[in-house]
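K.L.:
Next up is a structure, given as structure tokens.
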Amino acid sequence: MQDRVHNPPLYPPAVTPSRRALPLLLFLGRFVRNPLRALPRAVYEQPIVTYGRKRPLVTWVTDPELIERILLKDAAKFTKTRLEKRILVPVVGNGLLSADGEHWRWQRKLASPLFRHSEVIGFCPKIVAAAHEQVARWKTKGQRFTSDVLLDMTETTFAVIARTVLAGINEQEGAAIQKAGHDYLEPISWELAATLLMPTRDIWHPGQARMRKAAKETRDIVQRLLDQRRAAGTDGDDLVARMLTVRRESGEPMSDAELVDNLGTFLLAGHETTAKALTWTLYLLARAPEWQERARHEIMSVTGGANVTPAHIAKLEITTRILKESMRLYPPVPVMTRVNTEDIELGGKFLPKPTLVVIPIYSVHRHKLLWTDPDRFDPDRFLPENEAKFPRAQFMPFGFGQRVCIGSTFAMLEALAVLATLLQHARFDWDGRHFPEPVSRVTLRPKGGMPLIVTAI
């Protein structure tokens with residue numbers, strides 16, 4: 001067994017659950033501020049928890065076997081929810097994230113070849129180049145300074161997605177895309193709460209006009225990007241070229257609306273989740289300097305100080321464990337939802353159709369029945385001999401089952417290559433004051449950003 005890091009236990013900020021199930025108005029009040037605040041403590045301690053008096057308003061499921069049943073074995077009985085579609089469709093239409101049935105399978109089949117390991121490994125030089133550009137931006141600020149690494153990682157991962165799977169997209173539109181995405185997601189809890197209250201129709205809520213404006217701006221920008229690429233030619237084997245040239249069995253091409261749906265999906269989801277994973281990882285390393293130095297030593301030993309290459313990635317064992325433990329404590333997408341299409345018994349609970357079934361990945365990853373000392377940062381949980389004992393749905397930073405994230409291989413490569421490059425050239429320290437609350441806004445973002453002290457090395 002490899003040597004452990006001998007440092008005091010690190011308990012990074014977590015959301016404190018309520019002691020009991022809250023009355024509906026109080027529940028919704030906490031939910032709007034941060035959906036994770038509305039979770040009762042039982043969700044971290046029991047395999048399945050229902051909320052509602054006459055019938056379940058929400059059922060939280062955290063047991064890995066039950067999750068496997070929902071997302072894999074009985075997936076046909078648990079479909080995407082209206083709530084999820086209400087959030088996603090205004091921005092990504094009927095693309096890969098929101099589509100169901102044959103339309104989803106067709107889009108998945110189209111995109112899957114681009115995300116094979118043999119394909120994504122070739123993107124490593126472009127990923128590393130984007131990370132070096134971030135290092136160069138930091139160096140213009142001096143030797144030691146405070147930077148919001150949430151913004152830094154968002155800029156870096158957007159550059160990566162624009163040069164790889166969406167090659168040819170004009171990066172100058174990046175800031176507008178990022179702002180529109182932020183404006184859309186910031187009031188998202190109001191949209192969720194409104195759907196819980198009135199599941200069959202739309203009702204007004206604060207931030208609604210802002211969300212609609214941001215959704216339209218996002219789709220308008222993506223349409224312009226599509227037009228630019230079409231005008232420049234469709235040569236290449238990236239996702240944009242494939243979507244522009246693909247034909248249905250009837251010979252018809254994808255409509256512009258379908259193209260915008262899928263481009264928007266990969267443009268937004270493709271960088272947002274990895275940016276959050278890197279942000280939380282840098283925060284944890286700033287709080288656990290012994291682990292940071294151990295990772296840096298491994299990276300320098302493997303690379304010899306040279307640029308990270310595909311051959312180096314598999315050798316970064318400690319760095320990989322750190323990234324996985326970071327995504328355990330702070331999963332980039334903290335919640336999944338489904339709805340049962342027929343009356344069903346699940347974990348001893350009767351769920352009449354349609355019941356909102358919530359898989360709170362954040363709670364699964366911190367569950368007292370699944371993890372020893374679950375709130376403690378300990379990358380050695382992911383030593384091979386330990387990880388081999390996990391049930392399949394105990395650790396799922398990229399989801400699970402048929403709809404597991406299509407870009408998970410790409411995301412791991414990107415996160416490791418960027419993280420290794422940054423640690424080669426900078427040290428990250430905590431300011432001792434900022435305790436970032438993890439807030440669920442589709443992705444898991446740190447409240448107040450992520451200011452860290454960056455020192456060039």
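The values are calculated or read from the model by the stated rules, or taken from the named source; none is laboratory data. Note that the coordinates shown come from a computational prediction; the quantities given were computed from them, not determined experimentally. Positions of Cβ are backbone-derived with ideal geometry, glycine not excepted, and every protein chain shown enters the neighbour counts. Just the protein is used for accessible areas: all its heavy atoms, side chains included, with ligands, DNA and RNA removed. Shrake-Rupley method; radii C 1.70, N 1.55, O 1.52, S 1.80 Å.
K.L.:
With the structure loaded, tell me whether Thr320 is farther than 20 Å from Leu71 by Cβ and open to solvent by 10 Å² or more (accessible area, probe 1.4 Å) or whether it fails that test.
P.N.:
Considered against the rule, which asks whether it is farther than 20 Å from Leu71 by Cβ and open to solvent by 10 Å² or more (accessible area, probe 1.4 Å), Thr320 comes out as yes.
K.L.:
Being closer than 17 Å to Trp430 by Cα, surrounded by 23 or more Cβ atoms within 10 Å (Cβ to Cβ) and in contact with a strand residue (DSSP E or B) (Cβ under 9 Å, 6 or more places away or on another chain) is true for just one of Leu278, Leu285, Leu329. Which residue is that?
P.N.:
Values: Leu278 fails: in contact with a strand residue (DSSP E or B) (Cβ under 9 Å, 6 or more places away or on another chain); Leu329 fails: closer than 17 Å to Trp430 by Cα.
After applying the criteria, what remains is Leu285.
K.L.:
Got a sec? Which of Pro374, Pro391, Pro354, Pro334 is open to solvent by 50 Å² or more (accessible area, probe 1.4 Å), part of a loop (DSSP other than H, G, I, E, B), modelled with pLDDT of 95 or more and of a type outside the set (D, E, K, R)? Working first, answer last.
P.N.:
On the way: Pro374 fails: open to solvent by 50 Å² or more (accessible area, probe 1.4 Å); Pro354 fails: modelled with pLDDT of 95 or more; Pro334 fails: open to solvent by 50 Å² or more (accessible area, probe 1.4 Å).
Testing whether each residue is open to solvent by 50 Å² or more (accessible area, probe 1.4 Å), part of a loop (DSSP other than H, G, I, E, B), modelled with pLDDT of 95 or more and of a type outside the set (D, E, K, R) leaves just Pro391.
K.L.:
Also, I was wondering about something else. Within the stretch 134-148, track down each residue that is open to solvent by less than 70 Å² (accessible area, probe 1.4 Å) and within 16 Å of Gln424 (Cα to Cα).
P.N.:
Once the filter is applied, which keeps residues that are open to solvent by less than 70 Å² (accessible area, probe 1.4 Å) and within 16 Å of Gln424 (Cα to Cα), the stretch 134-148 yields Gln134, Val135, Ala136, Trp138.
Residue by residue, here is whether (1) open to solvent by 50 Å² or more (accessible area, probe 1.4 Å); (2) in contact with a Leu (Cβ under 8 Å, 6 or more places away or on another chain); (3) touching a residue at least 60 places away in the same chain (Cβ under 8 Å); (4) at negative phi holds:
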| site | (1), (2), (3), (4) |
| --- | --- |
| Glu65 | yes, no, yes, yes |
| Arg69 | yes, yes, yes, yes |
| Val92 | no, yes, yes, yes |
| Arg108 | no, yes, yes, yes |
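K.L.:
Check the stretch 34-55 and report whether any residue there is hydrophobic (A, V, I, L, M, F, W, C), open to solvent by less than 10 Å² (accessible area, probe 1.4 Å) and farther than 21 Å from Met396 by Cα.
P.N.:
yes
K.L.:
Return the residues of the stretch 217-228 that are in contact with a helix residue (DSSP H, G or I) (Cβ under 8 Å, 6 or more places away or on another chain) and either acidic (Asp, Glu) or open to solvent by 20 Å² or more (accessible area, probe 1.4 Å) (or both); say none if nothing qualifies.
P.N.:
Selection gives Glu217, Arg219, Gln223, Arg224.
K.L.:
If I filter the stretch 158-202 down to residues being polar (S, T, N, Q) and over 20 Å from the mean Cα position of the chain (by Cα), which single residue comes out as modelled with the lowest pLDDT? Lay out the reasoning, then the answer.
P.N.:
Step one: list which residues in the stretch 158-202 are polar (S, T, N, Q), which gives 164, 170, 172, 178, 189, 195, 200.
Narrowing the set further to residues that are over 20 Å from the mean Cα position of the chain (by Cα) leaves 170, 172, 195, 200.
Numbers: Asn170: 67, Gln172: 69, Thr195: 67, Thr200: 55.
Top of the filtered list is Thr200.
K.L.:
Sticking with this one: Could you tell me which numbered condition Ser250 fails, if it satisfies all but one of (1) open to solvent by less than 80 Å² (accessible area, probe 1.4 Å); (2) farther than 30 Å from Asp183 by Cα; (3) of a type in the set (S, T, N, Q)?
P.N.:
Condition (1) is where Ser250 drops out.
K.L.:
Continuing with the same structure: Across the stretch 118-138, what is the number of residues that are out of contact with any Leu (no Cβ under 8 Å at 6 or more places or on another chain), of a type outside the set (Asp, Glu), more than 14 Å from Thr309 (Cα to Cα) and touching a residue at least 12 places away in the same chain (Cβ under 8 Å)?
P.N.:
2
Quick grid of which residues meet (1) over 23 Å from the mean Cα position of the chain (by Cα); (2) within 23 Å of Lys73 (Cα to Cα):
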{"site": "Glu298", "(1), (2)": "yes, no"}
{"site": "Ile313", "(1), (2)": "no, no"}
{"site": "Leu369", "(1), (2)": "yes, yes"}
{"site": "Glu385", "(1), (2)": "yes, no"}
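K.L.:
Also: Tally time: how many residues in the stretch 247-299 are touching a Pro at 6+ places or on another chain (Cβ under 7 Å) and of a type in the set (Val, Ile, Thr)?
P.N.:
Final tally of qualifying residues: 2.
K.L.:
Related question: Among the residues of the stretch 94-106, how many are open to solvent by 10 Å² or more (accessible area, probe 1.4 Å) and more than 15 Å from Ser255 (Cβ to Cβ)?
P.N.:
Adding up the residues that qualify gives 7.
K.L.:
Same structure, new question: Checking Ala411 against (1) open to solvent by less than 20 Å² (accessible area, probe 1.4 Å); (2) closer than 17 Å to Arg69 by Cβ; (3) of a type outside the set (Val, Ile, Thr), only one condition comes out false. Which one?
P.N.:
Only one criterion in (1) open to solvent by less than 20 Å² (accessible area, probe 1.4 Å); (2) closer than 17 Å to Arg69 by Cβ; (3) of a type outside the set (Val, Ile, Thr) is unmet by Ala411, namely (2).
K.L.:
Okay, next question. Can you give me the number of residues within the stretch 71-90 that are of a type in the set (Lys, Arg) and free of Cβ contacts under 8 Å to residues at least 12 places away in the same chain?
P.N.:
Of the residues in the stretch 71-90, the ones of a type in the set (Lys, Arg) are 73, 77, 80, 82, 85-86.
Next, from what is left, pick out any that are free of Cβ contacts under 8 Å to residues at least 12 places away in the same chain: 73.
Residues meeting the conditions: 1.
K.L.:
Quick check: anything in the stretch 20-31 at pLDDT below 95, touching a helix residue (DSSP H, G or I) at 6+ places or on another chain (Cβ under 6 Å), open to solvent by less than 30 Å² (accessible area, probe 1.4 Å) and farther than 30 Å from Arg376 by Cβ?
P.N.:
yes
K.L.:
Further question on the same structure: Among the numbered criteria (1) farther than 22 Å from Arg210 by Cβ; (2) buried (at least 20 other Cβ atoms within 10 Å of the Cβ), which single criterion is violated by Lys80?
P.N.:
Of the numbered conditions (1) farther than 22 Å from Arg210 by Cβ; (2) buried (at least 20 other Cβ atoms within 10 Å of the Cβ), the odd one out for Lys80 is (2).
K.L.:
Taking the stretch 362-371 on its own, how many of its residues are open to solvent by 10 Å² or more (accessible area, probe 1.4 Å) and more than 12 Å from Glu325 (Cβ to Cβ)? So that I can check it myself, show each step before the final result.
P.N.:
Taking the stretch 362-371 first, the residues open to solvent by 10 Å² or more (accessible area, probe 1.4 Å) are 368-371.
Checking which are more than 12 Å from Glu325 (Cβ to Cβ) leaves us with 368-370.
Here the count works out to 3.
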